[in-house]
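Report on the following structure.
The values are calculated or read from the model by the stated rules, or taken from the named source; none is laboratory data. As the structure is a prediction and not an experimental result, all values here were calculated from the model. A quick note on method: Cβ atoms are made from the backbone with ideal geometry, for glycine too, and the neighbour counts reach across all protein chains shown.
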Amino acid sequence: MLADPLVRLPLTVVFGTVSLLAVVLALHFGGVRIGTTGVTAGTAAMGAALVIGQGMRRLPRFGPRPAELIRPALASSAAAAVLAVAVVAAIALQPKAAESYTTLTFADQSWLSEASQRAVAAEPVTVGWILRSFGYLPDPALTAVEVALDGGPLTAVAVVLGDFSAAAQPGDPIEISGSVTFAAPDSAGLHRVSISVYPHSKGALHERLPVTLTGWIEVAP
């Protein structure tokens, strides 16, 4: 029955799937991180063991002569070499995942600790902020800032944008400090202020995803 090619072909696919599952389970119970490198190395090790075992199974039962060991030894060595090259190539072809993201915080933490900031009608309001970029170098010249008051965009806004500060250690964020100044609304009460910063990384063709801060100002009657 197994000699029939129509039977052996699907069984080969099933065996490959079960072998891959066995490798993943072995990595899991062995406490090894399940990733592309681990699965590839585990699969290669299983393949090498199967090739060597198949070669040993074909040896004579009562001990081989030295000349009979040459062919299975060469076959096993060649198979191990091919698997090793495949593992190295698979690891080298893995994309290097570089995490990059942006955060935006208020320079004055009272915007976070207090429910609202007091303001005087039609008087200037200045809000400082700090942008931190992780995994990329921001370009202050191409960084845009927008301010919205109660959901509507403000056009009369003075934006101060400083240069970036270099990271002290590898992995530390690069910071850009800035501020926006606008006139407080004439109507008394609570007003929502939203500051959106559109960062741009050096050498990139497109800007990155914007980051937004939201705070409240209370205009006295």
If a residue has to be more than 17 Å from THR103 (Cβ to Cβ) and in contact with a Gly (Cβ under 8 Å, 6 or more places away or on another chain) to count, how many in segment 140-176 make the cut? 2
Considering only segment 205-221, state which residues are under 18 Å from LEU161 (Cβ atoms) and under 19 Å from the mean Cα position of the chain (by Cα). GLU207, ARG208, PRO210, VAL211
Go through segment 151-172 and give me each residue that's surrounded by 15 or more Cβ atoms within 10 Å (Cβ to Cβ) and either under 15 Å from HIS200 (Cα atoms) or basic (Lys, Arg) (or both). LEU161, PHE164
For segment 184-197, does any single residue satisfy the condition of being out of contact with any Phe, Trp or Tyr (no Cβ under 8 Å at 6 or more places or on another chain), within 16 Å of VAL147 (Cβ to Cβ) and in a strand (DSSP E or B)? yes
Can you pull out the residues in segment 193-212 that are crowded, with 18+ Cβ neighbours inside 10 Å and either closer than 23 Å to GLN109 by Cβ or at pLDDT 95 or above (or both)? VAL193, ILE195, VAL197, PRO199, VAL211
In this structure, is ALA156 at pLDDT 90 or above and under 23 Å from GLN109 (Cα atoms)? no
Would you check if SER179 is more than 20 Å from SER100 (Cα to Cα) and under 31 Å from the mean Cα position of the chain (by Cα)? yes
Given PHE134, PHE106, PHE164, PHE182, which one is of a type in the set (A, V, I, L, M, F, W, C) and closer than 22 Å to PRO221 by Cα? PHE182
